[in-house]
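Asker: One structure, pasted below without further comment.
The values are calculated or read from the model by the stated rules, or taken from the named source; none is laboratory data. No experiment lies behind these values; they were computed from the predicted model shown. Counting neighbours? That spans all protein chains shown, and the Cβs are built from the backbone with ideal geometry, glycine included. To get the accessible areas, we keep the full protein, side chains included, count just its heavy atoms, and leave off ligands, DNA and RNA. Shrake-Rupley method; radii C 1.70, N 1.55, O 1.52, S 1.80 Å.
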Amino acid sequence: MEEETGEIIPAPALAIRIGWCLDLVSRMAAQLTVEHWNAPDVRTLASGEDRGGRKLPANAWMALRRLGWTATPTAKVNDRIVRMAQEQAGRTLRSAQWRAELTAGILATWPVDPAKRTPQEWDAVRAAVPGGEYLPSNVITGRTRQIARFHAAQGRLPLDVFELEPAPRLARMLLLAACDRQQATIERSEEDPAKVLLRLQLPTRPDPQKYADWTWVACPVTLPPTVPASAALHLPTLCLNGGKARADLAYTHPVPKTQRTGHTVALGLDWGLNTLLSAGAAQLHPGGKITAPGSGAQYRAAGVMAKQHRLRRHGEKLHAKNAHYTRLMTGQDTHPLAPKSAILAQEIQRVADRRSNLNAALARSAARWAVDQAIAAGATVIYLEDLRSMEAKGMGRTHNTRISSTVRGQIADRMRHLAAEVGIAVVTVPPRNTSKHCPHCLTALRHRKAPDRPTVAGWKWAICPNPQCGWQGDRDQGAWRRIAARGLTHQTKTITDRATGTTASRAIVDTLETKAVITAEPTSRADRSKTGPTRHRTARPAPRRRRAPSPTGPHGPAGKRPEGHATTSRTWLPRASRRHQGATTISTPPIRHKPRGAARGAGFHLHVHATPPRWETIQPIPQPQDHTGSLS
């Protein structure tokens with residue numbers, strides 16, 4: 001609504017006016033980025049000091065003004081519009097410094113064969129790159145491939161990242177956080193905390209010539225129920241998506257502070273393909289003994305992954321067809337195939353959006369499930385494998401494609417966000433030998449087919465060859481036990497990254513690893529195996545039929561009731577749920593994905609099979625020191 005006149009602005013008209021403001025800001029931000037896309041300027045901005053040795057402000061727009069980097073607007077705008085452009089350009093230029101240092105380290109230690117580095121070359125490049133000791137190898141490999149393509153095209157190596165890459169394209173968005181009350185305000189309703197009023201100045205024409213061409217617009221916003229009523233709201237970031245205005249609203253509220261050490265109950269989390277997540281709780285006792293009170297849980301998303309593969313194959317076919325049309329058109333915009341190519345391009349974008357939305361929904365669902373499992377187990381920390389260095393190669397086309405289609409990074413990011421709200425820490429541990437060694441004695445396991453699924457190919461079943469241990473079970477169930485035990489024993493080696501805020505245990509200490517074993521608790525239940533006939537022999541066996549007739553009905557005479565369940569229509573005998581059942585077979589149940597409703601997607605929840613949180617009650621253990629959480 002226009003505040004001055006009270007005129008209601010329709011949603012399409014509001015999107016157009018926001019688009020005019022986006023054009024003004026994006027042009028100035030692109031101008032600043034292109035002008036200062038060079039090594040000296042980026043190094044000066046990232047150093048945090050100006051030419052006189054004074055410390056630069058934390059806000060990017062203030063740092064650019066201290067350095068004298070300004071943009072010339074093409075229309076009449078106020079100073080806050082220029083601030084948003086400087087803030088966006090400053091953030092982009094600051095982030096380029098890490099890429100510049102990474103590219104410089106790779107160029108300084110360029111390998112003889114870029115496709116395959118030797119161990120000595122890997123050590124050299126990690127030493128030359130800042131933080132390269134724990135940097136995922138796929139980051140270095142991807143940058144090496146980019147430099148190799150430049151070398152193949154130009155016949156020489158690039159000087160730096162600024163020659164390797166052009167100035168990045170900036171997103172069209174309004175960073176209202178860089179403005180003050182003269183450009184935008186946000187207020188929460190006192191009657192209804194879910195109602196918010198966003199006020200901002202927008203142009204009335206695409207090229208405003210005077211300040212009168214800017215008017216105040218009031219936009220009511222409805223908050224989702226996940227935003228607490230006591231949360232402090234911040235100015236959002238505005239953008240356009242599908243012709244609609246979207247507000248990325250940030251808020252702050254107090255949460256319990258997570259602890260780096262002092263954990264006694266942890267949730268181990270193992271990644272997989274058929275079973276996306278396998279989780280279970282482990283408990284650390286005062287004497288150093290670690291037990292697993294729960295039997296474990298699984299999150300299987302075979303239906304979602306199958307739909308993802310269908311969309312991927314459909315997108316590949318569309319890309320191949322559009323590429324063929326492009327070759328036939330030979331750059332002619334008036335070619336008869338041009339309209340068909342445009343339609344294919346739109347369909348390719350729709351398929352890509354569907355894949356992105358499906359990945360986001362899967363990440364939210366899996367992360368919510370993992371955090372719920374931790375809450376139900378009373379865990380204060382979640383340990384998961386750090387698989388950032390895993391590359392999808394050398395395992396066959398199908399297996400490589402499945403690995404590259406996983407969304408482990410999105411699940412981990414979402415999990416950290418949800419766990420922080422309830423005071424649960426998320427720590428990554430090295431993945432070495434988590435599925436190879438026995439969780440009870442650290443002996444190398446033998447993998448084979450599951451005894452209850454002898455016709456299914458694979459090596460899901462793990463057996464410990466140690467005669468004193470004899471553990472056997474699903475390899476994923478053993479992996480989460482190893483992960484949880486490793487995390488609990490390496491708590492003192494946990495560090496927090498200052499740049500990202502993530503917590504990780506990066507190295508394995510042999511003396512601590514020998515203690516990372518799960519102690520099997522003895523069971524007190526008696527053996528109930530059948531050793532004799534079920535029906536006891538007596539001198540006078542019970543009659544096979546009732547001696548007395550059944551009661552007289554209201555509309556007929558008395559009759560005889562047959563033996564057993566007379567009211568059922570079942571003509572077959574009850575049997576086992578599946579064949580090859582044994583006393584120790586607990587592998588992944590062969591549940592075939594059968595979506596209810598439409599065969600190709602009647603809802604996300606119809607394609608996911610997850611174990612509900614049903615853990616045994618874990619009694620808290622008194623600790624010598626009281627780790628009191630604080631609010632942050």
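Asker: What FRET efficiency, computed as 1/(1 + (r/R0)^6) with R0 = 60 Å and r the Cβ-Cβ distance, is obtained for LYS195 and ALA338, rounded to the nearest 0.05?
Answerer: It comes to 0.80.
Asker: Could you work out how far apart the two model spin labels at ASP79 and GLU49 are, taking each label as a point 7 Å from the Cα in the direction of the beta carbon, and quote it in nm?
Answerer: Between ASP79 and GLU49, the simple spin-label model gives 2.9 nm.
Asker: Also, I was wondering about something else. Starting from the Cα-Cα distance between ALA218 and ALA39, subtract it from 0.36 nm times their residue separation and give me the gain in nm to one decimal.
Answerer: Full extension from ALA218 to ALA39 adds 60.2 nm.
Asker: Each residue of segment 452-467 in order: what ³J(HN,Hα) in whole Hz does its phi give by Karplus 6.51 cos²θ - 1.76 cosθ + 1.60, θ = phi - 60°, with x for Gly and Pro?
Answerer: Rounded to whole hertz, the list is 8, 9, x, 8, 9, 6, x, 10, 7, 8, 10, 10, 7, x, 5, x.
Asker: Under a 1.4 angstrom probe, counting protein chains only, how are MET28, MET329 ranked by accessible area, largest first?
Answerer: The most accessible residue leads, giving MET329, MET28.
Asker: Now for a separate question. Over segment 21-128, what portion of Cα pair distances is larger than 25 Å, expressed as a whole percent?
Answerer: In whole percent, the long-distance tail amounts to 37.
Asker: Can you tell me the FRET efficiency between LYS116 and LEU328 if r is taken as the Cβ-Cβ distance and R0 is 35 Å, rounded to the nearest 0.05?
Answerer: That pair, LYS116 with LEU328, gives E of 0.35.
Asker: Here's something else I'd like to know. Check which residues have an amide H placed less than 5 Å from THR215's amide H, if you skip close sequence neighbours.
Answerer: LEU202, THR204
Asker: Calculate the length of the line joining the C-alpha centroid of segment 1-50 to that of segment 105-128, in whole Å.
Answerer: 40 Å
Asker: Can you compute the FRET efficiency between LEU387 and ASP180 using 1/(1 + (r/R0)^6), with r the Cβ-Cβ distance and R0 = 51 Å? Round to the nearest 0.05.
Answerer: 0.70
Asker: Right, here's the next one. Starting from the 7 Å offset along Cα-to-Cβ, what nm value, one decimal, do you get for the label separation of GLU187 and ILE508?
Answerer: 6.0 nm
Asker: Tell me the accessible surface of GLU187 in square angstrom (1.4 angstrom probe, heavy atoms of protein chains only), to the nearest ten.
Answerer: 90 Å²
Asker: Taking only protein heavy atoms into account and a 1.4 Å probe, give the accessible area per residue of segment 242-353 in Å².
Answerer: 51 Å²
Asker: Still on this structure, please answer the following. Given the Cα-Cα distance of ALA13 and ARG498 and 0.36 nm per residue of separation, how much length would full extension add, in nm?
Answerer: Working it through step by step, the gained length comes to 170.2 nm.
Asker: Could you compute how much accessible surface LYS436 exposes when probed at 1.4 Å, giving the result in Å² to the nearest 10?
Answerer: It works out to around 110 Å².
Asker: Label ALA232 and LYS317 with points 7 Å out from Cα along Cα→Cβ: what is the distance between them in nm?
Answerer: It is 5.4 nm.
Asker: Determine ³J(HN,Hα), in whole Hz, for all residues of segment 256-272 in sequence, where each value follows from phi through the Karplus function 6.51 cos²θ - 1.76 cosθ + 1.60 and θ = phi - 60°; x replaces Gly and Pro.
Answerer: Each residue's phi maps through the Karplus curve to give x, 6, 7, 9, 7, 10, x, 8, 10, 10, 10, 10, x, 10, 10, 7, x Hz.
Asker: Could you pull out the pairs from LYS449/LYS515; LYS116/LYS493; LYS436/LYS460; LYS436/LYS515; LYS493/LYS515 whose alpha carbons sit more than 21 Å apart here? Provide the component values of the computation, followed by the final result.
Answerer: On the way: LYS449/LYS515 30 Å; LYS116/LYS493 32 Å; LYS436/LYS460 12 Å; LYS436/LYS515 17 Å; LYS493/LYS515 14 Å.
Result: LYS449/LYS515; LYS116/LYS493 exceed 21 Å.
Asker: Let me see the P(r) profile for segment 248-326: every Cα-Cα distance counted, bins of 5 Å, each bin given as a percent of all pairs.
Answerer: 3, 10, 11, 10, 10, 10, 13, 10, 7, 5, 4, 3, 1, 0, 0
Asker: Counting only protein heavy atoms, what percent of the accessible surface of segment 8-137 is carbon or sulfur at a 1.4 Å probe?
Answerer: Values: 3490 of 6240 Å².
That fraction is 56 percent.
Asker: ASP123 to GLU3: extension gain in nm, 0.36 nm per residue of separation minus the Cα-Cα distance?
Answerer: 36.9 nm
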